[in-house]
Amino acid sequence: MALSLRAIFVLALAVRLANALVSRTFFQPDEYWQSLEVAHRLVFGYGYQSWEWRALDGNGGIRSPLFPFFFVPVYALLKVTGLDGGQLLTVAPKLLQAVVAASCDVSTVALAQRLFGPRLTNAAASPSKLSLAGALGLAAVATLLRPSNVVIWIVMGLSLLVSANGICAKVEVASIAAAVGALAMTACVTFDTVFYGTLSFTPYTFLVQNVFNSISLFYGANPFHFYLTQALPFTTMTMLPFILHGLYIGTKDPKPRLAATVAFATIGAYSLLGHKEFRFIHPILPILHCFAAHSLVSFKSTTTSHSLTSSTLSIRPTHAALLLVSLGPAIYLTSFHALAQVTVMDTLRRIPNNDLKSVCFLMPGQNASTYRDQSDYFYDDPTHYLATRFPSSVDISFPSSPFVLPPSPHDSKPDATDLGWRHEWPSHIVAFDALLVSDQGAVAGLLEAKGYREWERLWNSHWHEDDRRRGDIVILRWTG
């Protein structure tokens, strides 16, 4: 029994909302720095501003404000209604993105129907038919949000142009594309310029800084085969064999062949760049899911099983069980692993204002292969840093530390010297247990001598690939 798109959306929305509510960890710091912090700053007037959002060489930042503005209405509504005091600030954006994710699920179903026919409706889980101009408009928005998406739309656009019948049709396609592109670029320049206060075109700045200036390499370089040997297996897990089989049996017709070409071209183009991340290939996952669904349905056609999964999902029960194996790691990683790195903020929020005067996070910064931030200098010799960068005694008024804007990789060389930061002792300190027990407890001993005692201990993870982030997260409170 095939479900309607409306029924699929309701089902997908229920799953996505549940997932949003049980997800308590994080995938990358950019989840906050490139969206929520920016939106919060726009609505409430404060929020961390990473280097990507600062003007570089007078050309504005490298990030488009389009995505952060997506959350502005949510924050504005909470502010106006006075519901901005706690948990809703973190839950509301999750619920909004759950709706977007459910819409993507339904769009994947529609894509599967276009590629392989209606039998894959329930197995695949964009929008309805759009005019060419509308479709190109959505492609333009996707590219402005993430300039690297241009690879996908170049392949699609060239295919559309080549397949157009006759010179007149080709000219019409090219003309519509040029008009939409010009309109999108004009809107982008206007929006970026107003946001940054200087003439800006973020896709250009993004390309120059990340590709030509190789700023992305400050955050690590990966082998050319990274996406094939690491990213794809990690992001698809037990679905990967079905994706490969679907690509093998499903590329005989033009539409599936084009979809496969888009996926291969994207992986190939991204593999040429030195810096690679799992999330960079997320835009092609819906395409790969369609091929997995094609494979699963093709296997179902060879059996006469009448089980619930066979009749509803059109796939074999054993295959459904294999897919569900991925659910275990997914739940663990999104609900438990590195949990306290997020929930520690909830704990701090519950401390009365007259007690919580200031907080110092003695924690590592973002891992980078060549770019050293201030936390790297701290971890070179934690006890020496604490003894020389902090006052000899604690000022019980707990004044704020002098604020120094961290440099961007654009401003620094790989061998950048220490900025010489100085700090004030806070009322509370947050650190990984690994730091406190390091050097035979020298750090813990120094802090205890200054009057800090353990106030609360939060479980964080069973393991961590970074030794500095292992163990519980401990909140220390100055008691004198």
Subject >> Cα pair distances in the range 218-257, grouped into 10 Å bins until the bin that holds the longest one, percent each >> reply: 25, 37, 28, 9, 1
Original post:
In what sequence, highest mean first, do 97-105, 25-33 appear when ranked by Cβ atoms within 10 angstrom?
Top reply: 97-105, 25-33
Subject >> Probe 1.4 Å, accessible area per residue of the range 1-94, Å² >> reply: 54
Original post:
What is the sum of charges around Trp425, taking Lys and Arg as +1, Asp and Glu as -1, for the other residues whose C-beta is under 9 Å from the C-beta of Trp425?
Top reply: -1
**OP:** Skip the ligands, DNA and RNA, and give the accessible area per residue of the range 435-480 with a 1.4 Å probe, whole Å².
**Re:** 56
**OP:** Could you pull out every residue, at least 5 positions away or on a different chain, whose amide H is within less than 5 Å of the one on Trp455? Hs are placed 1.01 Å off N in the peptide plane, and Pro or chain starts have none.
**Re:** Ile475, Leu476, Arg477
Original post:
the range 414-480: which chymotrypsin sites (Phe, Trp or Tyr not before Pro) are DSSP loop and have at most 10 other beta-carbon atoms within 10 angstrom?
Top reply: Trp463
Subject >> Cα Rg, Dmax (largest Cα-Cα span) when computed across the range 161-264, Å >> reply: 20.0, 53
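Antiparallel as a % of all DSSP beta bridges within the chain, to the nearest 5?
Around 75 percent antiparallel, to the nearest 5.
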Original post:
By the scheme Lys and Arg +1, Asp and Glu -1, what is the net charge of all other residues having a beta-carbon under 13 Å from that of Val100?
Top reply: +1
Original post:
Once the dipole of the chain is set up with Lys and Arg at +1 and Asp and Glu at -1 on Cβ about the Cα centre, which of Thr108, Met239, Gly47 lies farthest towards its positive end?
Top reply: Thr108
Original post:
For the range 416-480, what are the per-bin percents of Cα-Cα distances with bins 10 Å wide, up to the bin holding the maximum?
Top reply: 20, 44, 30, 6
Subject >> Vicinal HN-Hα couplings computed from phi for the range 157-168 (Karplus, 6.51 cos²θ - 1.76 cosθ + 1.60; Hz; Gly/Pro x) >> reply: x, 5, 4, 5, 5, 5, 7, 5, 7, x, 5, 4
**OP:** Would you kindly work out the equivalent ellipsoid of the chain from its C-alpha gyration tensor and give its semi-axes, the square roots of five times the eigenvalues, largest first in whole Å?
**Re:** 44, 28, 22
Original post:
For Ala449 and Ala269, FRET efficiency with R0 = 41 Å and r from the beta-carbon atoms, rounded to 0.05?
Top reply: 0.15
**OP:** Using a 10 Å cut-off on Cβ atoms, rank the peptides 64-70, 340-346 from the highest mean neighbour count down.
**Re:** 64-70, 340-346
**OP:** Of the options Leu333, Met345, Tyr452, report the single residue whose Cα projects farthest towards the positive end of the charge dipole of the chain (beta-carbon charges: Lys, Arg +1; Asp, Glu -1).
**Re:** Leu333
Original post:
Dipole magnitude of the chain about its Cα centre, charges +1 at Lys/Arg Cβ and -1 at Asp/Glu Cβ only, in debye to the nearest 20?
Top reply: 1800
Original post:
From the cross-link list Lys94/Lys357; Lys79/Lys450; Lys276/Lys300; Lys94/Lys276; Lys255/Lys276, which pairs have alpha carbons spaced over 32 Å apart?
Top reply: Lys79/Lys450; Lys276/Lys300
Original post:
What would the Debye formula give as log10 I(q)/I(0) at q = 0.20 Å⁻¹ for the alpha-carbon point model of the range 1-82, no solvent?
Top reply: -1.00
Subject >> Accessible area of the chain belonging to carbon and sulfur atoms, whole % at 1.4 Å probe >> reply: 66
Subject >> Amide H contacts under 5 Å for Leu3, placed H, 5+ residues apart >> reply: Asn122
Subject >> Net +/- balance of residues flanking Pro402 in space, Cβ distance below 12 Å, scoring K and R +1, D and E -1 >> reply: +1
Original post:
Ordered by packing density, taken as the mean number of other Cβ atoms within 10 Å over each peptide's residues, highest first, how do 208-217, 171-180, 242-251 rank?
Top reply: 242-251, 208-217, 171-180
Original post:
Do the sum for the chain: with -39,500 (n - 2.57) for every DSSP H run of n ≥ 4, divided by all residues, what is the mean residue ellipticity at 222 nm, to the nearest 500 deg cm²/dmol?
Top reply: -16500 deg cm²/dmol
Subject >> Under Karplus coefficients 6.51, -1.76 and 1.60, residue-wise ³J(HN,Hα) of the range 390-399 in Hz, glycine/proline x >> reply: 10, x, 5, 9, 8, 7, 6, 7, 6, x
Subject >> In order through the range 428-435: 3J(HN,Hα) via Karplus (6.51 cos²θ - 1.76 cosθ + 1.60), integer Hz, x for Gly, Pro >> reply: 9, 10, 10, 8, 6, 4, 4, 6
**OP:** Return the whole-Å distance between the Cα centroid of the range 444-458 and the Cα centroid of the range 330-352.
**Re:** 21
**OP:** Give the long-range amide H neighbours of Cys360: residues separated by 5 or more places, or on another chain, with amide H under 5 Å away, using H modelled in the peptide plane at 1.01 Å from N.
**Re:** His428, Ile429, Val430
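The values are calculated or read from the model by the stated rules, or taken from the named source; none is laboratory data. In this text the structure is predicted, and so the values were computed from the model without any measurement. Counting neighbours? That spans all protein chains shown, and the Cβs are built from the backbone with ideal geometry, glycine included. Note: areas computed on protein heavy atoms with side chains; ligands, DNA, RNA excluded. Shrake-Rupley method; radii C 1.70, N 1.55, O 1.52, S 1.80 Å.
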